[in-house]
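Right, one structure below, let's go through it.
The values are calculated or read from the model by the stated rules, or taken from the named source; none is laboratory data. The structure presented is a predicted model; accordingly, all values stated were derived computationally and were not measured. All Cβ positions, even for glycine, are placed from backbone atoms using ideal geometry, and neighbour counts span all protein chains on display.
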Amino acid sequence: MSKGTKQINCLGDWLEQVEKIGEVKHITAPVDSDLELGSITYMNGKTVGGPTLLFENIKGYPGGRLLFNPYGTSLNRVAISIREELGKTPIEYTKILADKMKKRIPPKFIEAKDAPVNQNIDRDDKVNVNKFPAPTMWPRDGGKYIGTADSVITQDAVSGRVNMGTYRQMILNDKQVGFYASPGKDAVLDRETWWKQGKPAPVAAVYGQDPLLFLTSATSFPKDVSEYEFAGGINGAPIEVFKSDVTGLTLPANAEIIIEGFSYPDKTCEEGPFGEFTGYYGRPGGATPYIDIKCIRYRNKPIVTSALMADYPSNECGTMWAMAKAAKIWNDLDALGVPGIKGVWSPPEAAGWGMTVVSIEQRYAGHAAQTMALAAQCMGGAYFTKYVVVVDDDVDPTNLAEVIWAMVTRSRPAQSIEILRETWSTYLDPSLNPPEIRPWGSKCLINACKEFKNLKVFSPRNLLKKEMYEQVCARWAELGFEGKPPVITTFEPFKDAHIG
Ligand SMILES: Cc1cc2nc3c(=O)[nH]c(=O)nc-3n(C[C@H](O)[C@H](O)[C@H](O)COP(=O)(O)O)c2cc1C
Ligand SMILES: [Mn+2]
């Protein structure tokens, strides 16, 4: 955290800072949780960089508050979450986040009684998850979703490692919520470790957490390390936690709401459908484990966080998800020793995680092909992603227009494209039909770099001479243009290039 800026410990601290930059819109008019909350969020999301919405008057939930799409498409709100100053480029933030992800700080345990989330504790008969506002977002949704922008906490029964992941929860009744998780995710592997021992799996879901915990929950970190440690590393200080007397789980002390209970292998519910991050309803509703809630902890006047899944730009699987994924892939490529990586991006336009772009300074024959193969299958990049594009370092991977231009001018489809088959995907991919073939996916790898073996004969780019660019910049106002001249960073390399 930079000097003079208050440390963020909870959602309230984060909101205070986001409020200062004018990116929280308070909605005090009465709004219905049934479709209206979601529709307003979808329409607000159409403005790229628009505010997060704090609903303060939800019909049927007196005093209830709900924060919809904390991140959306705002780079500023990601910057605040990763404790950075505003004003940097997406690639600069991605690199900063990648570096911060390399640090790990274990959480700090405090007494349960000192945890703000324990201001109110409802146990057993008193449990009623319906006291908190939860939206039905889309017309075909199977029910009200209380958990979307959440952190679900599970533990490996054997190693004891505590996991945090973002998983959806549909309300079934006052004391039960669905627990949908895709195959291969840590929460699925964790719950199976308990079930294998013949025990119920302890599970907690946090609504209204520090958005940094939401970011780390939504990122694919190594399976044997707790996300608490990565969150601490990014935070620059340990995350405050306490040990639950109900499930034994390690829970975030400063959350707004935590539900906790147990999940059983032989107890399932009809869950979904749910309008998902792809912009489509996922698989038809199906048998899903659920959480039997034993305890609900909450602050006074808590805020529920919610994520709308939609087509871009209204998708909460947007800038945050894209940047966290890109940062993780960058670190994975570094760890594998791939040289010359200039930038990694996962365009939020591509359903958050559908595409990866890596820019490299090509150093040797096969470098580009190697980069795209590893970016496609490393832990940070393998899930769902269908298109992996590698571009040269004069192309900004965060600028889709530049990426597409590189694809059409530098790749040769017959030579530059590889297909990977039967890869890690999801039941939520609408293109996998009939649905029985899910969750296997495939990936298209596109080498959109200038062919390394033909670099010497590759047509030079039309580039400005640096001196002429600077001259025009200096005369910009005199020439009658308003505002600043465009920023251009790549120039004609030959000083004495003959013009005319
Ligand atoms: C808003 C949002 C909602 C998500 N919902 C789900 C979900 O319902 N099921 C799922 O399997 N993954 C979901 N994900 C993706 C996982 O959170 C993500 O893959 C994460 O890395 C899982 O972490 P883990 O494997 O450490 O538990 C969601 C991600 C976001 C950003
Ligand atoms: Mn994990």
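Total residues in region 1-27 satisfying the condition of being at pLDDT below 95 and aliphatic (A, V, I, L, M): the figure is 1. Anything in region 174-203 that is at positive phi and touching a residue at least 12 places away in the same chain (Cβ under 8 Å)? List them, or say none. Answer for region 174-203, where residues must be at positive phi and touching a residue at least 12 places away in the same chain (Cβ under 8 Å): just G184. Does T219 meet the test of being more than 26 Å from R65 (Cα to Cα), assigned to a loop (DSSP other than H, G, I, E, B) and among the hydroxyl-bearing types (S, T, Y)? So T219 passes the test. Of all residue pairs spaced 6 or more apart or on separate chains, those with beta-carbon atoms under 7 Å, a first member in region 151-167 that is of a type in the set (D, E) and a second member that is near ligand 2 (Cβ under 10 Å from one of its atoms) are D156/D190.
With respect to (1) of a type in the set (A, V, I, L, M, F, W, C); (2) surrounded by 10 or more Cβ atoms within 10 Å (Cβ to Cβ); (3) outside the structural domain of I404 (by TED's automatic domain parsing), the lone exception for L479 is condition (2). Only one of the numbered conditions (1) away from ligand 2 (no atom under 15 Å from the Cβ); (2) of a type in the set (A, V, I, L, M); (3) surrounded by fewer than 23 Cβ atoms within 10 Å (Cβ to Cβ) is violated by V177, and that is (3).
Kindly evaluate R283 against the criterion of being surrounded by fewer than 22 Cβ atoms within 10 Å (Cβ to Cβ) and in contact with a Phe, Trp or Tyr (Cβ under 7 Å, 6 or more places away or on another chain). It is true that R283 is surrounded by fewer than 22 Cβ atoms within 10 Å (Cβ to Cβ) and in contact with a Phe, Trp or Tyr (Cβ under 7 Å, 6 or more places away or on another chain). Filter region 356-367 down to the residues that are outside any loop (DSSP other than H, G, I, E, B) and under 14 Å from G343 (Cβ atoms) and list them by number. Hits for region 356-367 are T356, V357, V358, S359, I360.
Restricting T247, T278 to residues that are without any contact (Cβ under 8 Å) to a residue 60 or more places away in the chain and in a loop (DSSP other than H, G, I, E, B) narrows the list to T247. Within region 184-200, being more than 18 Å from P222 (Cβ to Cβ) and not in a helix (DSSP H, G or I) holds for Q197, G198, K199, P200. Is it fair to say E349 is surrounded by fewer than 20 Cβ atoms within 10 Å (Cβ to Cβ) and assigned to a loop (DSSP other than H, G, I, E, B)? Yes: the conditions hold for E349.
The set of residues in region 142-178 being more than 22 Å from the chain's Cα centre (by Cα) and of a type in the set (D, E) consists of D156, D174. In region 77-100, the residues that are free of Cβ contacts under 8 Å to residues at least 60 places away in the same chain form Cβ pairs under 6 Å with partners that are hydrophobic (A, V, I, L, M, F, W, C), at six or more places apart or across chains, as follows: A79/L86.
Give me the residue from region 198-211 that is surrounded by fewer than 23 Cβ atoms within 10 Å (Cβ to Cβ) and not charged (D, E, K, R) and, out of that set, farthest from ligand 2 (Cβ to nearest atom). Restricting to residues being surrounded by fewer than 23 Cβ atoms within 10 Å (Cβ to Cβ) and not charged (D, E, K, R), the top hit is G198.
The set of residues from region 36-71 being in a loop (DSSP other than H, G, I, E, B) and in contact with a strand residue (DSSP E or B) (Cβ under 6 Å, 6 or more places away or on another chain) comprises P51, E56, G64, N69, P70.
Restricting to region 227-242, and then to whatever is assigned to a loop (DSSP other than H, G, I, E, B) and surrounded by fewer than 24 Cβ atoms within 10 Å (Cβ to Cβ), can you tell me which residue is nearest to ligand 1 (Cβ to nearest atom)? Checking each candidate, the answer is P238.
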